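The values are calculated or read from the model by the stated rules, or taken from the named source; none is laboratory data. Note that the structure is a prediction, hence the values are computed from the model and not measured. Using ideal geometry, Cβ is built from the backbone for each residue, glycine included, and neighbour counts are taken over all protein chains shown. In case anyone asks, the SASA skips ligands and DNA or RNA and just uses the protein heavy atoms, side chains included. Shrake-Rupley method; radii C 1.70, N 1.55, O 1.52, S 1.80 Å.
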Amino acid sequence: MPDKRSKDAPLFQRAFIFEAAFTDETKVSLYIDDRFKNEEAAEAEARRYVGPLGKLPASLRQGVARLVVHEGGKDTTAFSDAGLIVVYSANATQRISKHDLEETIFLEAVHAAWDAKHARSEGWQRAQLIDGDFAVLHAKRRPPREDLAESALFAYTIQRHPERIPDADRTKLGNIIQHRIAYVSELLEPIGHDDVESTVQKPQSSAKSTVAKPPNVILILADDLATGDLGGGDSHPTRTPNLDRLANESVRFSQAYSGSCVCAPARAALLTGRYPHRTGVVTLNMNKYPKLTRIRRDETTIADVLKDAGYATGLIGKWHTGRGDGFHPMDRGFDEFQGFDGSDDVGYFQYSFSEQREVSRVKDKYLTDDLTHRAIGFVRSHQDHPFFLHLAHYAPHRPLEAPAEIISSYRNQGFGESVATIYAMIEVMDRGIGELLSELEKLQLADNTIVIFASDNGPDPVTGERFNNELRGTKYQVNEGGIRVPLFVRWPHRFTPGQRDHVVSFVDLLPTILDLCNVKLPTNNRLDGQSFTPVLSDSSARFSLTRFWQWNRAWPNYTHNAAIRKGQFKLVRPYVTRSTKPKDSTRPTILYDLKNDPTESHDVTDKHPSVARQMSRELEQWCESIEQDRIRPETMPTHTH
């Protein structure tokens, strides 16, 4: 049905509009401009532009394509996304600026929001298509009507009355518009028109973008993996050829730290960019301590932020940072969840498994392989749309279970049953990561996908000792063996692979990822981390921050198992026990010079007494501050989805 808007409407002066509805047959309806003598002549002109749509992907042919053309029909100044492609196909000599494209997206969105606000069904269908450039057609998910209307009205107001828009909302709107512009630019590439001029001011980033489409992000996390588990560092043949290849293609950090020496707090730091105590996650057992193992509702996760910026967000694997209403992964920014909460009865050959919010029992698969296949499925489903995938493997966490034939291969190398099983579990995970990386290549996504790999903490002492580069301590301890983890960041053609010796931490990952994606953080909570993007591009860039850790089971006792790293020095309040409710410790602090003693073998307090005193004061101040933040009154969440 022809659009009923008046040609004289202020938003569409001097324009005529072609609308083509594509079903089995092409149908065209349009306004009659004075330039045409009759409707037949106008329709012929419309078909000249609309015809090339037949060569586009079916996902773009379905629905309604609206084309806005400057009066006269030849000088194209403003187009919707599909309309832009039509004109490029029909007339390759025309040149269209992103400024004009941005203006049209504003105008179209305002009109769609008006229809949606008045609850007209045909208006909402039109709104779906206008917002569908990144949310409907390719992500296969419906944007909430109120979100579309809100962002569109922001768009209208920010053009005419920017003083009325709060800074946080202006940032959010800018991110959305940038994703739409990038999406259209990507669609133009197969037609051979990559000369679109940019007059749009993008969010600032310390990394210069060389691709139009926002990068995808895959964040892979192993569980209880030691730095010594990779690369055959114990003189045995490598167990991880795919992770070795990923490391060789990545910026890899020799001094990367987890956010904690145990998994739930480490994951909370990773997801929020804040020390785990601030987030409310301080211990492990979700069954015994549900309130101490869930991210507070007034915290913002990386999934919250990227979802608001238009990314499809998915978590596959272990969650372990909340259970119940308001704390499920889908309540914390993830569109899709396929995994388990972390305190379930999880084995590798039999396990409880959630798909979205439905739980079933799996008995015919091996868990690590299952997670790999689901991750590949997520990538395939969202290959045409910016996505954030958090693949949180369970391996090599207890229980120790792996295919018997792989275990045997390690027993034959002389390893005991426990270590042989762990290495077999790691081999299966490595194989799956290789399959995922190969899928990125097949789908031609590798060059625009940031792949990050890390482990949540050091090796579990309960499973026995194994090679860990002679680092002192294990999981549960804030010594290097408990918190030092592998960290690889790969973005082909953007970062030159190589080693970095800068100290970075899990709290730095959220701001770094958002920086790389040109997405700003709309939150009232102060981050503890900072973006290390400059380090990824320049090994000589400065990045030297003080970092803190503390953990004991259940409620925090800061006299126990705490540490501060500042420059080459690390001060430790020694680990005593992993039992609940430890008594206040009276053990003296220990100062290590990690530059000259990376294995923490020598206390240098007597050589550097002033350093020890200063770091001890800073650690005490941090403990007092972090505890006050941990017990603060809870407020409503600040994210908008």
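The single condition among (1) on the phi > 0 side of the Ramachandran plot; (2) not in a strand (DSSP E or B) that residue 317 does not meet is (2).
So that you can scan it fast, the table gives a plain yes or no per residue for (1) open to solvent by 10 Å² or more (accessible area, probe 1.4 Å); (2) more than 21 Å from the chain's Cα centre (by Cα); (3) among the hydroxyl-bearing types (Ser, Thr, Tyr):
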site	(1), (2), (3)
441	yes, no, no
444	yes, no, no
475	no, yes, no
478	no, yes, no
485	no, no, no
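Against the condition within 30 Å of residue 577 (Cβ to Cβ), part of a helix (DSSP H, G or I) and free of Cβ contacts under 8 Å to residues at least 24 places away in the same chain, how does residue 424 come out, does it pass? Spelling it out, it is not the case that residue 424 is within 30 Å of residue 577 (Cβ to Cβ), part of a helix (DSSP H, G or I) and free of Cβ contacts under 8 Å to residues at least 24 places away in the same chain. Counting the residues of the range 236-253 that are surrounded by 15 or more Cβ atoms within 10 Å (Cβ to Cβ), in contact (Cβ under 8 Å) with a residue 24 or more places away in the chain and not basic (Lys, Arg) gives 10.
In the range 529-558, the residue that is farthest from residue 252 (Cα to Cα) out of those that are open to solvent by 50 Å² or more (accessible area, probe 1.4 Å) and of a type outside the set (Lys, Arg) is 555. Residues satisfying the criterion are present in the range 392-414 (criterion: closer than 30 Å to residue 533 by Cβ, part of a strand (DSSP E or B), touching a Leu at 6+ places or on another chain (Cβ under 9 Å) and assigned by the TED database to the domain that holds residue 319). Pairs meeting the criteria (first residue in the range 603-632 and at negative phi, second residue at pLDDT below 95 and surrounded by 16 or more Cβ atoms within 10 Å (Cβ to Cβ), beta carbons under 9 Å, at least 6 apart or on different chains) are 632/298.
Of all the criteria given as (1) under 23 Å from the mean Cα position of the chain (by Cα); (2) without any contact (Cβ under 8 Å) to a residue 60 or more places away in the chain; (3) open to solvent by 10 Å² or more (accessible area, probe 1.4 Å), the one not satisfied by residue 353 is (3).
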